[in-house]
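Bear in mind that the values in this text are calculations on the coordinates, not laboratory data. Given the structure is predicted, the values throughout are model-derived calculations rather than measurements. Virtual Cβ from ideal backbone geometry, glycine too; neighbours counted across all protein chains shown.
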């Protein structure tokens, strides 16, 4: 899923205007990216619990190995979302 697809799905589900949704999504992704870059553990249900196992610094990027634990109850409620992304 790309950012534009995420924004469009949120607009569709909430009925909000794209111009209002896009900056919130961008800020959220920035905060989450910073947290992962800092090695912070995230617990964002129903998305799941994200733990950075290790990080490798490259010349132009960081590569993070992460573990995502998602409860089965969360996954079963989001079947519609998964189908829409495919």
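Say R0 is 25 Å: what FRET efficiency, to the nearest 0.05, do residue 16 and residue 70 get from their beta-carbon distance?
So, using R0 = 25 Å, E works out to roughly 0.45.
Taking the Cα-to-Cβ direction at residue 5 and at residue 55 and moving 7 Å from each Cα, how far apart do the two end points lie in nm?
2.7 nm
Per 0.36 nm of contour for each residue apart, how much would the distance between residue 62 and residue 24 grow if the chain were fully extended, relative to their Cα-Cα spacing?
11.2 nm
What relative contact order, as a whole-number percentage, does segment 3-85 give when Cα pairs under 8 Å and 6 or more residues apart are counted?
18 percent
Please state the shape class of segment 3-85: rounded when a/c is under 1.5, otherwise prolate if a/b exceeds b/c and oblate if not, all from the C-alpha gyration tensor. Could you put the intermediate results ahead of the total?
Values: a/c = 2.39, a/b = 1.36, b/c = 1.75.
Since a/c reaches 1.5 but b/c is at least a/b, the shape of segment 3-85 is classed as oblate.
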